[in-house]
Structure formats: C-alpha cells, structure tokens
Amino acid sequence: MIAAPPFSSLAAAARAIKSKAISPIELVQTCLDRVARKDSALHAFITVTAERALADARAAENEISAGGWRGPLHGIPIGLKDVIETKGIPTTAHSRTLQHNRPQHDAAVVERLREAGAVLMGKLSTHEFALGGPSWDLPWPPARNPWNSAHFTGGSSSGPAAAVAAGMVLGAIGSDTSGSVRSPAAFCGITGFKPGYDAIDARGVLPVAPSLDTVGVMAWTVEDCGLLFEAVGRADRAATPSAVIAPGSGIDIKGMRIKVLRHFYAEDAPISTENQAAIECALAVFRELGCTISEGRLPALPEWMACGFIILLSEVYRLHRGRLETSPEQYGAAFRNIVSLGAALSEDDCAVAERKRMELVAAMQILMEDCDLLVTAVQNGAAPRLDKASPWAVFMRPSQAMPFSVTGQPALSLCCGYAEDGLPLGFQVVGRRCGEAALLRAGQAYELATDWHRRRPPCW
Amino acid sequence: MPSDPSGDAGRSDASFAAWLDGLRFSLDRSELEAVRAAYHQLARMNELNRKPVSLSPGTMHPGTDE
C-alpha cells in the first residue's frame with residue numbers, strides 16, 4: 001500500500017507548511033517513497049536527486065522553524081524536465097549524446113526556484129531533445145500515463161506530466177515549443193501553463209527552436225501553476241494568487257469576452273466527438289460565470305502548422321547539424337530522421353515561413369482587439385496507447401497548440417472531462433499577449449466552478 | 001525543396017532521393033515510408049506558406065453572440 005500524498009495540491013501543501021501543520025521533510029519523504037514505488041512502472045524520472053531533496057527539505061524546515069518562511073514554494077517538492085540545466089546534476093535531454101553531461105551552472109529558472117526555497121526532486125523524462133515522440137532506442141524508456149500505463153503521456157514534457165499526475169512531485173517545470181507543456185498536461189489530466197514567449201527566463205534551458213521555445217509550469221491546478229509562475233516568471237506578468245492567504249475565495253470574471261475557435265477542432269482538424277462535447281460543457285461554465293461567448297475565426301489550422309513547423313524544423317536542424325553530420329548514431333532514430341529533414345529546407349523556405357508568421361500574428365491581433373480570451377482544443381482526444389503513438393504524428397495532423405506558439409501568447413491547458421475509457425480530456429484557454437494574470441484568473445475561476453481537477457488516477 | 005509535390009510528383013521524388021543520398025547515416029528500411037511521407041508533407045507545408053493568409057470574413061469582424 002503506497003501512502004497517499006498528504007496534499008492533493010501545491011497550494012494546500014504550502015498552506016500547511018506555512019502553518020507548520022506539516023514539515024517539509026515529511027512531505028519530501030512521502031514523495032520520495034512514491035517515486036521509489038511508482039516510477040519503475042511510469043518512468044517519469046531520469047535522475048532522482050534524493051539526497052539533494054532531503055538536504056533542501058532540512059534547510060527549509062530549519063529556516064521556517066526560525067520564522068523565515070520564504071513563500072508558497074518553500075519546502076515544496078518540484079521536478080524539472082531534463083532539458084533544464086542543473087549545476088553538477090546530469091542534464092541529458094533524454095539523449096545518449098548528453099548522457100554524461102553535468103552542467104557547470106544552473107538554468108535561470110532553477111536559480112529562481114532555489115531562491116523561493118523549492119526542493120529539487122530530480123530530472124524528468126522528455127522526448128529526445130524535447131522533439132518527436134516516444135522512442136525505445138534511447139538510454140531511458142518513455143514515460144507512461146498514470147491514468148493507464150499502457151497509454152501515452154503526450155510530450156515532450158512527458159516526465160513532468162506523469163510525475164505530477166502520480167503525486168511524485170507537487171509541481172514541475174517543462175518547456176513548450178509547439179505544445180510540449182499543454183499536450184501532456186491534457187493527456188495526464190493536470191494543468192499546464194505556457195506563459196508568453198519571454199515571460200520566464202529561458203537561459204540554461206536546452207533549446208529546440210529558440211524563436212518558439214517557452215518555459216512552462218505544470219501542476220494539478222491553475223492556482224498551483226499561478227504560484228509556480230509567480231516564483232519563476234517575470235515580476236510584471238505574475239498573477240497575484242490569493243488562495244494561499246484566503247482559500248476558497250471566489251474570483252469574479254463576469255464580463256470577460258471569450259471567442260471560441262471552433263473551426264480549429266471541428267472543421268480544420270476534427271477532434272473526438274467526446275472531447276468536442278466536453279469543450280461545450282466548459283464553455284457553458286464560462287457562460288455561467290458571466291463571460292460573453294462568441295465565435296472567432298482565424299486562418300485555418302494547417303496554415304499555422306505549416307508556418308510554425310517549418311520555423312521549428314529549420315531552427316532545430318541548425319542546432320544539431322554538426323553532430324548529425326559527424327556522429328548521427330548518437331541520436332535515437334526518430335529524432336535523427338525528423339531533424340535531418342531540415343536539410344531539405346532552403347533559406348528561402350525559412351524566409352517565407354517567417355514572413356507568414358508576421359501575417360498570422362497580425363490576423364491574431366485583429367481577432368484579439370475585441371476579446372480577452374480564446375477557447376479551443378489542445379489535443380485530438382484522450383491519450384492513445386503508447387504503442388500506437390508515433391513520433392511522426394506531427395506530420396500527420398496539425399497541432400491544436402501550434403498557433404499560440406507562433407504568436408507567443410500565454411495559454412492554459414485545463415481538464416474538461418473524461419473519456420469513456422476513463423482517460424482525461426483537455427482544452428485550451430488562451431490570453432492576450434502579456435495577459436498572463438488575466439488568463440490565470442479566468443482559469444482559476446473555471447477551476448473553482450468545476451470538479452475535474454479533483455479526480456486522481458487509479459494509481460494515486 | 002520543391003514546394004508543390006502534388007503538382008510535380010516526379011520532381012519531388014527526385015528531390016527526396018537527393019536528400020536521402022545526402023544523409024550521413026543509413027535509414028532503417030522500416031522507416032523509409034514514414035520518412036518519405038514526412039518529406040512530402042514538408043513540401044506541402046512550404047507550398048501553403050507561399051499562399052496568402054486565408055482571412056475568412058469572421059477573422060476581420062467581431063463574432064456574433066451565441
């Protein structure tokens with residue numbers, strides 16, 4: 001029998017630590033026990049930093065006992081996607097090429113977590129260099145979905161999603177180039193928050209495509225993501241989550257104007273009917289909260305995908321071209337084959353995609369002139385079986401997440417129900433540029449009005 | 001790369017063969033069809049990028065309340 005986590009959310013644990021109802025050591029030890037018992041089936045971790053975690057927890061306990069509570073992340077167990085550099089701790093990008101890489105510096109986001117007093121639990125699985133899909137020819141296996149370990153987590157922040165959903169950490173830091181925080185959050189039933197393009201300092205995060213890469217946060221609730229973002233994000237963008245101080249207080253979003261991008265998921269790249277129905281229910285919740293809902297239209301989803309993917313592929317190819325030419329055998333086949341396609345792109349192809357990006361951003365600005373939020377899908381439905389998940393999926397159908405990577409807008413992935421087989425269903429709420437605070441407020445209002453975020457996987 | 005494989009399949013296939021020849025590693029036979037399909041999809045994406053943004057009427061105007 002595995003001990004249930006003492007808290008089902010980061011915010012609840014933060015309140016208990018602040019009031020000294022629980023010690024950080026007790027909390028961290030419970031999470032380490034869960035890692036020891038669960039991760040052999042889920043493969044969320046590449047490196048467990050147990051000694052470091054207990055040392056961080058002891059330091060937090062001593063400081064808090066002496067009246068030095070730093071804030072909501074103090075003593076909270078956090079995991080990092082293994083593309084985030086950690087001084088002296090392996091940072092592999094889930095790739096044989098970096099299997100023995102021990103960075104000399106912490107990434108900027110790790111420094112911010114340390115300042116906040118967070119506890120580092122370890123480094124978490126990804127797709128190789130945060131691209132492609134599940135691969136079996138890498139030094140570590142792909143992560144599995146805690147709701148059903150035969151199913152895919154989504155990616156590329158696969159380990160962060162699995163670790164949060166299984167209660168092995170209370171929050172995680174991921175990265176999102178074209179949906180890599182939002183998609184696994186949806187498949188694993190948690191909340192994923194990709195802030196605006198430059199809202200979290202990306203220094204020390206191994207790049208995929210630098211003009212699209214965004215550091216993101218993952219946890220069970222919007223409130224938790226707000227707390228993480230407040231600790232690691234730009235100060236002028238952070239929300240002011242009140243729940244640590246005043247739990248249960250309502251959030252008024254009456255009058256917010258929402259446009260639904262229904263054509264993305266009902267016409268351009270239709271998602272499952274049960275996910276479409278679940279999004280309709282989510283819209284009804286926002287309507288009940290006093291939001292005005294109208295239909296929005298943008299250029300079709302394949303146009304966003306074509307633009308974003310050509311930019312992504314050209315940038316990732318430039319980063320890996322040298323090693324692909326000298327030692328291609330160091331990469332897994334999926335990454336090697338996909339990225340090598342970048343050699344087929346000309347400078348003109350890339351220039352055309354960049355020009356298209358400006359046109360698409362302009363179209364988005366026009367759409368956003370008279371609305372506060374967008375609602376659309378995030379995935380095609382519930383998580384597929386892991387043995388049916390192809391790294392080539394990105395070529396087969398356009399990503400519902402890509403448009404907001406192209407524009408750099410903040411976006412939340414939220415749970416809106418469950419499929420017939422019990423797997424979570426998600427949707428996306430998107431804010432204006434620099435509108436992280438308003439987006440988190442709307443997301444938290446939705447969360448307070450629903451119960452989806454309270455369910456836990458059978459392995460909990 | 002050729003940007004319209006659907007309109008000029010021969011040219012695109014020749015281009016794919018040239019790309020394959022340029023690889024510094026051998027492609028697993030089981031991967032070949034997936035890679036070929038991805039290559040042609042990439043060419044379609046390039047073609048799409050060369051077309052003007054398809055602004056639908058709803059893009060330019062506020063939506064209608066449901």
At residue A:102 and residue A:351, where each label point lies 7 Å from the Cα along Cα→Cβ, what is the point-to-point distance in nanometres? 4.7 nm
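Send over the per residue convex hull volume for region A:122-189, Cα only, as a whole number of Å³. Write out the running numbers ahead of the final one.
Details: hull volume 5.3 nm³, N = 68.
For region A:122-189, the hull spanned by Cα atoms encloses 79 Å³ per residue.
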Averaged across A:291-300, how many Cβ atoms of other chains sit within 10 Å of each residue's Cβ atom? 5
Charge-dipole axis of region A:32-107 as Lys and Arg at +1 and Asp and Glu at -1 on Cβ define it, positive-most pick from A:83, A:47, A:97: A:97
Of A:283, A:204, A:117, which is farthest along the charge dipole of the protein assembly as shown in the positive direction, counting Lys and Arg as +1 and Asp and Glu as -1 at C-beta? A:117
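State whether region A:46-95 is rounded, prolate or oblate according to the following rule on the C-alpha gyration tensor (a ≥ b ≥ c being the square roots of its eigenvalues): a/c under 1.5 gives rounded; otherwise a/b larger than b/c gives prolate, and the remaining case gives oblate. Walk me through the intermediate numbers first.
On the way: a/c = 3.36, a/b = 2.41, b/c = 1.39.
Cα axes put region A:46-95 in the prolate bin.
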Peptides ranked, highest mean first, by Cβ atoms within 10 Å: ranges A:116-128, A:205-217: A:116-128, A:205-217
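As an exercise, use a Förster radius of 51 Å and the Cβ-Cβ distance of residue A:323 and residue A:21 to find the FRET efficiency, rounded to the nearest 0.05.
Values: r = 51 Å, r/R0 = 0.99.
The pair residue A:323/residue A:21 has a calculated efficiency of 0.50.
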Could you list the square roots of 5 times each eigenvalue of the Cα gyration tensor of region A:204-339, that is, the equivalent ellipsoid semi-axes, sorted largest first and rounded to whole Å? 36, 24, 13
Ranked highest first by the average count of other Cβ atoms within 10 Å around their residues, in what order do A:5-15, A:97-107, A:251-261 fall? A:5-15, A:251-261, A:97-107
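Averaged over its residues, how many other protein chain Cβ atoms are within 10 Å of peptide A:344-354's Cβ atoms? Before the final figure, lay out the partial values.
On the way: counts 11, 4, 3, 0, 4, 8, 2, 1, 6, 5, 1.
Taking the mean over all residues of the peptide, I get 4.
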How big, in percent, is the set of alpha carbon pairs in chain A lying more than 31 Å apart? 35 percent
Note on chain A: contact order normalised by length, alpha-carbon pairs under 8 Å, 6 or more apart, percent, works out to 18 percent
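Which percent of the accessible heavy-atom area of chain A goes to carbon and sulfur, probe 1.4 angstrom? Walk me through the numbers on the way to the answer.
Values: 7830 of 15410 Å².
Roughly 51 percent, rounded to a whole number.
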Using a 1.4 Å probe, what is the accessible area per residue for the protein assembly as shown, in Å²? 37 Å²
Once a ≥ b ≥ c are taken as the square roots of the eigenvalues of the Cα gyration tensor of region A:411-460, is the result rounded (a/c under 1.5), prolate (a/b larger than b/c) or oblate (a/b not larger than b/c)? prolate
May I ask for the accessible area buried between chains B and A, both sides summed, probe 1.4 Å, to the nearest 100 Å²? 3200 Å²
Need one value for A:251-262: mean number of C-beta atoms belonging to other chains within 10 Å of its residues' C-beta atoms. 1
Excluding residues fewer than 8 positions from residue A:259 in its own chain, the lysines with Cα under 29 Å of it are A:194, A:356, B:51
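The values are calculated or read from the model by the stated rules, or taken from the named source; none is laboratory data. Small disclaimer: the values here were computed from a predicted structure and weren't measured. For neighbour counting, all protein chains shown are included, and Cβ atoms are generated from backbone atoms with ideal geometry for every residue, glycine included. Only protein heavy atoms, including side chains, enter the accessible area calculation; ligands, DNA and RNA are left aside. Shrake-Rupley method; radii C 1.70, N 1.55, O 1.52, S 1.80 Å.
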